[in-house]
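Structure first, then comments.
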Amino acid sequence: GHPASASLHSARTICRRAERLLIPLLECNDISQDAFIFVNRLSDYFFVLSRYINHIMDTPEVLWISPARRRQLQQQYADE
């Protein structure tokens with residue numbers, strides 16, 4: 001993908017990490033549910049914006065395949 005899109009995906013992963021760290025605070029009522037929802041929606045925004053950047057820059061998406069699925073596909077093609 002485009003470098004700007006890659007940066008947005010990095011921002012998204014950081015945002016998701018923050019979201020996971022906020023769960024205990026949410027459970028103890030140390031933060032509002034609105035703040036938690038905002039962080040969740042922010043990570044969604046970063047994802048959609050990264051896809052949009054690739055679209056307007058006419059850059060193909062890079063499909064992520066989990067290592068387990070990659071091994072499964074490699075084995076499948078090796079057996080053919």
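What to note about this one:
- Largest accessible area first, the listed residues 80, 61 line up as 80, 61 when surface is computed with a 1.4 Å probe on the assembled protein chains.
- Farthest toward positive dipole pole in the chain [+1 Lys/Arg, -1 Asp/Glu at C-beta], among 52, 74, 14: 74
- Probe 1.4 Å, all protein chains present, accessible-area order of 53, 23, 14, largest first: 14, 23, 53
- Helix content alone sets the calculated 222 nm mean residue ellipticity of the chain: runs of n ≥ 4 DSSP H residues at -39500 (n - 2.57) each, divided across all residues, give -27000 deg cm²/dmol.
- Distances between every pair of Cα atoms in the chain, grouped in 10 Å steps from 0 to the bin holding the largest one, split as 18, 29, 26, 20, 5, 1 percent.
- Note on residue 77: accessible area approximately 140 square angstrom, rounded to 10, probe 1.4 Å, nucleic acids and ligands left out.
- Sorting 50, 7, 66 by accessible area puts them as 7, 66, 50; the probe is 1.4 Å, largest comes first, and only protein heavy atoms count.
- Solvent-accessible area of residue 73 with every protein chain in place, 1.4 Å probe, in Å² to the nearest 10: 40 Å²
- Averaged over its residues, the chain has an accessible area of 79 Å² per residue, based on protein heavy atoms and a 1.4 Å probe.
- Rounded accessible area of residue 48 (nearest 10 Å², 1.4 Å probe): 90 Å²
- Couplings 3J(HN,Hα) for segment 14-23, derived from phi with the Karplus relation 6.51 cos²θ - 1.76 cosθ + 1.60 (θ = phi - 60°), are 5, 5, 5, 4, 4, 4, 5, 5, 7, 4 Hz, where x marks Gly and Pro.
The values are calculated or read from the model by the stated rules, or taken from the named source; none is laboratory data. Not measured: the values here are computed from a predicted model. Virtual Cβ from ideal backbone geometry, glycine too; neighbours counted across all protein chains shown. Protein only, heavy atoms only, side chains kept; ligands, DNA and RNA dropped before computing areas. Shrake-Rupley method; radii C 1.70, N 1.55, O 1.52, S 1.80 Å.
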